[in-house]
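These notes are about the structure you will find just below.
The values are calculated or read from the model by the stated rules, or taken from the named source; none is laboratory data. Quick caveat: nothing in here was measured; it's all calculated off a predicted structure. Note that each Cβ is placed from the backbone with ideal geometry, even for glycine, and that neighbours are counted across all protein chains shown. Quick note on the areas: whole protein, heavy atoms, side chains included, nothing else; ligands and nucleic acids left out. Shrake-Rupley method; radii C 1.70, N 1.55, O 1.52, S 1.80 Å.
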Amino acid sequence: GIRCVAYNNQSNRLAVSRTDGTVEIYNLSANYFQEKFFPGHESRATEALCWAKGQRLFSAGLNGEIIEYDLQALNIKYAMDAFGGPIWSMAASPSGSQLLVGCEDGSVKLFQITPDKIQFERNFDRQKSRILSLSWRPSGTHIAAGSIDYISVFDVKSGSAIHKMLVDRQYMGVSKRKCIIWGVAFLSDGTVISVDSAGKVQFWDSATGTLVKNHLIANADVQSIAVSDQEDSFVVGTAEGTVFHFQLVSVTSNSSEKQWVRTKPFQHHTHDVRAVAHSPTALISGGTDTHLVIRPLMEKVEVKNYDAALRKITFPHRRLISCSKKKQLLLFQFAHHLELWQLGSTVATGKNGDTLPLSKDADHLLHLKTKGPENIICSCISPCGSWIAYSTASRFFLYRLSYERDNISLQRVSKMPAFLRSALQILFSEDSAKLFVASNQGSLHIIRLLEGSFKHLHTFQPQSGTVESMCLLAVSPDGNWLAASGTSAGVHVYNVKNLKLHCTVPAYNFPVTALAIAPSTNNLVIAHSDQ
């Protein structure tokens with residue numbers, strides 16, 4: 001499920017965090033291609049995600065830590081405890097140089113973003129209940145904080161609360177126990193928009209602390225809100241899977257007076273819409289049903305091309321299944337375990353297009369659980385079916401499988417070198433004699449596999465001065481050539497026999513999404529995200 005989304009206007013990128021702690025980065029200008037991801041972790045339940053100045057990405061969660069991600073090396077730069085209990089919300093200042101977090105104990109903490117870290121500056125006045133949402137005024141002078149039953153407005157200079165606006169608990173005429181403020185947005189004219197668990201979207205005047213307008217839009221919680229940069233439209237997501245679009249419209253055709261009007265409802269989700277974002281040309285929403293939906297605003301899209309189509313990203317952008325052709329085996333990768341299946345077989349015959357009955361059903365051969373809280377990053381089974389390799393952020397595992405009639409025995413290869421950990425891609429050669437591992441630091445390792453042991457042959461270091469993580473690998477069927485592609489640079493082709501860099505394919509202005517080497521001709525075929 002999708003927990004938060006954060007849009008970065010400068011680089012036109014979208015960061016998405018999932019309920020298992022995974023963080024993904026989509027490049028919207030490269031046809032919504034997922035170019036980077038950070039593997040999840042059991043103890044990192046991400047509750048907030050935001051971009052700061054210099055395209056730095058921060059997340060915070062219920063373990064009470066603020067995490068900064070290294071977008072070059074694809075790992076976590078550092079994790080820092082905020083000492084306020086679980087963190088429910090986070091917002092970067094309009095200038096991008098300060099970070100604000102809202103904690104379980106009712107404290108709002110201000111951090112200064114230094115070039116290499118973040119530094120605690122001070123606490124604001126402590127509130128009675130947890131701070132569930134935060135928003136800066138675009139001028140940077142005030143902030144709004146939503147908690148349970150009320151919204152506080154703080155002065156940033158003094159850190160004291162100026163107003164406390166109580167929210168009505170009435171829900172379709174019935175008084176609920178409490179009203180949770182799921183989201184707030186501070187506009188530059190001083191208006192605060194709040195969305196709450198009673199299905200209301202409310203407009204407040206922050207100068208006087210009074211309610212200006214009230215829209216009851218849903219029978220369920222309204223869980224998220226995002227405002228456009230021009231502040232002429234905003235989008236909210238509800239627990240019923242509906243996304244509502246509000247726009248600032250002139251009251252009559254020639255008057256300058258404008259008012260907020262609910263214009264369009266969209267129903268693209270089946271469950272709660274936990275997160276929304278507003279890019280200049282589209283509304284972006286995601287939620288419990290795991291789909292990321294990008295809805296273009298027709299009045300903002302100039303050319304009616306592929307960008308004007310509704311996009312639904314519903315499947316993973318990286319390969320989670322590998323197969324052993326010789327043994328008819330499939331290896332499935334889940335967050336914390338691997339499953340090995342033997343395909344069914346048939347003795348019946350028929351003409352092309354017929355569905356044949358199975359004489360032997362598919363067999364579930366193996367269920368391999370990982371130890372520890374880290375998610376599996378990548379996995380692979382060798383073409384001969386006798387090796388399985390997988391990697392987490394801190395360890396690399398290699399197993400030797402042997403098949404005796406109906407039994408499988410599994411033997412772990414011990415003492416794997418530490419430089420193999422947090423591999424982004426694992427690939428076996430066609431004859432299953434070599435193992436290619438692409439690490440997140442940009443280096444490429446070649447390992448020779450022997451009966452139950454291994455030998456490290458060579459490491460290709462990244463080009464000087466770059467920490468270019470290689471995300472895609474392809475090996476030629478004769479085992480002589482290895483092609484590797486990074487997140488931005490061109491495709492490098494290595495000679496496996498001489499262990500040298502053979503050539504670099506000229507870079508194209510869209511990222512590589514797939515590559516393969518043809519069997520007889522040794523031609524390299526590359527597909528890009530613009531199709």
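Can you give me the P(r) profile for segment 300-430? Cα pairs, bins 10 angstrom wide beginning at 0, each as a whole percent.
Taking all Cα pairs of segment 300-430, the binned fractions are 10, 33, 26, 16, 11, 3, 0 percent.
Enumerate by residue number the chymotrypsin sites (Phe, Trp or Tyr not before Pro) in segment 33-89 meeting two conditions: DSSP loop (anything except H, G, I, E, B), and at most 13 other Cβ atoms within 10 Å of the site's Cβ.
Hits after loop and neighbour filter: Phe83.
Given axes a ≥ b ≥ c from the Cα gyration tensor, I'd like to know whether segment 2-313 is rounded (a/c under 1.5), prolate (a/b larger than b/c) or oblate.
Cα axes put segment 2-313 in the rounded bin.
Among the lysines, which fall within straight-line cross-link reach of Lys500, defined as a Cα-Cα distance under 22 Å, with same-chain neighbours fewer than 8 residues apart omitted?
Lys434, Lys455
Using θ = phi - 60° and the Karplus curve 6.51 cos²θ - 1.76 cosθ + 1.60, what whole-Hz ³J(HN,Hα) does each residue of segment 350-364 get, with Gly and Pro shown as x?
The phi angles translate into x, 8, 3, x, 6, 9, 9, x, 7, 8, 9, 6, 5, 10, 8 Hz.
How much accessible area per residue does segment 309-366 have, in Å², with a 1.4 Å probe?
Computed with neighbouring chains in place, this is 69 Å² per residue.
Taking the dipole about the Cα centre of segment 2-313, with the C-beta of Lys and Arg at +1 and of Asp and Glu at -1, give me whichever of Val235, Leu110, Ser17 is farthest to the positive side.
Val235
Name the GluC sites (Glu not before Pro) in segment 399-506 that are in a loop by DSSP and that have at most 13 other C-beta atoms within 10 Å, would you?
Passing both the DSSP loop test and the Cβ count: Glu451.
Taking Lys36 as the anchor, which lysines have their alpha carbon closer than 21 Å to its alpha carbon, excluding any fewer than eight residues away along the same chain?
Lys53, Lys77, Lys312
How far apart, in nanometres, would the label points at Asp530 and Asp363 be if each is projected 7 angstrom from Cα along the Cα-to-Cβ direction?
For Asp530 paired with Asp363, the spin-label model returns 5.0 nm.
In debye, nearest 20, what is the charge dipole magnitude of the chain about its Cα centre with +1 on Lys and Arg Cβ and -1 on Asp and Glu Cβ, if you could check?
Numbers: 52 positive and 44 negative charges, 173 e Å.
Around 840 debye, computed over the chain.
With Rg and Dmax of the Cα atoms in Å defined as stated, name the option among [x] 29.8, 93; [y] 32.5, 106; [z] 26.4, 84 computed from the structure displayed.
Only one listed value fits the structure, namely [z].
Of Lys325/Lys371; Lys109/Lys200; Lys327/Lys415; Lys371/Lys415, which pairs sit farther than 24 Å apart, going by alpha carbon to alpha carbon?
Numbers: Lys325/Lys371 29 Å; Lys109/Lys200 28 Å; Lys327/Lys415 28 Å; Lys371/Lys415 17 Å.
From Lys325/Lys371; Lys109/Lys200; Lys327/Lys415; Lys371/Lys415, over 24 Å: Lys325/Lys371; Lys109/Lys200; Lys327/Lys415.
Calculate the length of the line joining the C-alpha centroid of segment 480-524 to that of segment 218-290, in whole Å.
About 44 Å separates the Cα centre of segment 480-524 from the one of segment 218-290.
Give me the aspartates and glutamates in straight-line cross-link reach of Lys178: C-alpha distance below 15 Å, same-chain residues under 8 apart excluded.
Asp149, Asp168, Asp196, Asp221
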